[in-house]
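Attaching a single structure in structure tokens format; questions to follow.
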Amino acid sequence: GDIVLLAKPVTLTEGDRVTLMTDVPVATDGTSKPEKLLYAVSLPPVHGQIEHINYPGVPISSYSQLDVVAQKVSDVHDNSHGAGKESLR
């Protein structure tokens with residue numbers, strides 16, 4: 001089926017960590033199994049990384065809708081000075 005992705009921008013400042021919730025990346029592919037949806041990080045944050053909470057400090061390049069529902073994915077700002085704010089979209 002068709003894939004629909006709705007994403008709300010997440011803005012982080014120096015040193016912030018934001019756990020992705022179901023209202024940030026919301027996707028559907030028209031099936032009844034949203035837990036099988038996978039997100040690929042095609043453009044990683046410039047001043048930080050996307051991490052699984054079980055593996056802090058290790059960037060990930062993909063995660064599932066089930067990970068988001070379980071609140072196991074975070075966008076982490078790297079605390080670099082002068083980086084300012086950054087948005088995940």
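Taking amide H positions as placed 1.01 Å from N in the peptide plane, with prolines and chain starts having none, which residues 5 or more places from Ile53, or on another chain, fall under 5 Å of its amide H?
Placed amide hydrogens put Val73, Ser74 under 5 Å from Ile53.
Another question about this same structure. To the nearest 10 Å², what's Ser62's accessible area with a 1.4 Å probe?
Answer for Ser62: close to 70 Å² accessible.
Continuing with this model, one more query. Which ³J(HN,Hα) values in Hz, rounded to whole numbers, follow from the phi angles of segment 40-45 under the Karplus curve 6.51 cos²θ - 1.76 cosθ + 1.60, where θ = phi - 60° and Gly and Pro get x?
10, 7, 8, 9, x, x
Could you put Lys36, Lys72 in order of accessible surface area, largest first, with the 1.4 Å probe and the full protein assembly present?
On the way: Lys36 145, Lys72 65 Å².
Ranking Lys36, Lys72 by accessible area, largest first, yields Lys36, Lys72.
On to the next question. Scan around Ser80 for amide H atoms under 5 Å from its own, H built in the peptide plane at 1.01 Å from N, and keep only partners 5 or more places away or cross-chain.
Here the answer is Gly15, since their amide H atoms fall under 5 Å of that of Ser80.
The values are calculated or read from the model by the stated rules, or taken from the named source; none is laboratory data. Everything numeric here is computed off the predicted structure, so don't read it as measured data. Please note that ligands, DNA and RNA were not included when accessible areas were found on the heavy atoms of the full protein model with its side chains. Shrake-Rupley method; radii C 1.70, N 1.55, O 1.52, S 1.80 Å.
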